[in-house]
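What follows is a single structure, written as structure tokens, with notes after it.
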Amino acid sequence: MYIRDVLVFCYFLWLSHVSGVKNITQGVSRHLRSLTYPDGSGMGIFFALGVPLDIPNKSVLFSLYFEANYALPGDLNSTYYLEDPYLQKRSLDRRLAYDVLVNKLTSFGYSGENCLLKMICEVANYPLTSNGVLGDVLQILFT
């Protein structure tokens, strides 16, 4: 088995010498790949959360949507995204989450701050322990 492998290797070595190929990269060229996109390209992420409402004889979903779009670099030498405002750390804390929730509830026509305070009290009194990952996130957020 070993002798056969050595003979096959020697045969291919002899073939490369006979064919006149001195350098294996001779005659081979390819375009170097890089991570650039056409000008104006973008990328986005979309997240939707739908919660069914319990209304007899009706199929109703309460839905919230989140969409984020980002421009992609079109030039290899671009330093646009390396400047300070883009490299600063963003922090997500409860105050920011509460402000977003109050604004969303207010836009739906509810009293945002009062609804938020009621949610905090109700989650503290009735834990969301058996509601999966979403219940755990809400439990952390409101307690």
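Quick notes on this structure:
- Neighbour-count ranking [beta-carbon atoms within 10 angstrom, fewest first] of Thr36, Thr143: Thr143, Thr36
- Residues Tyr11, Tyr2, Tyr110 in ascending order of nearby Cβ atoms (within 10 Å, fewest first): Tyr2, Tyr11, Tyr110.
Read-outs throughout are calculated quantities, based only on the coordinates presented, and are distinct from any laboratory measurement. No experiment lies behind these values; they were computed from the predicted model shown. We place every Cβ from the backbone using ideal geometry, glycine too, and count neighbours over all the protein chains shown.
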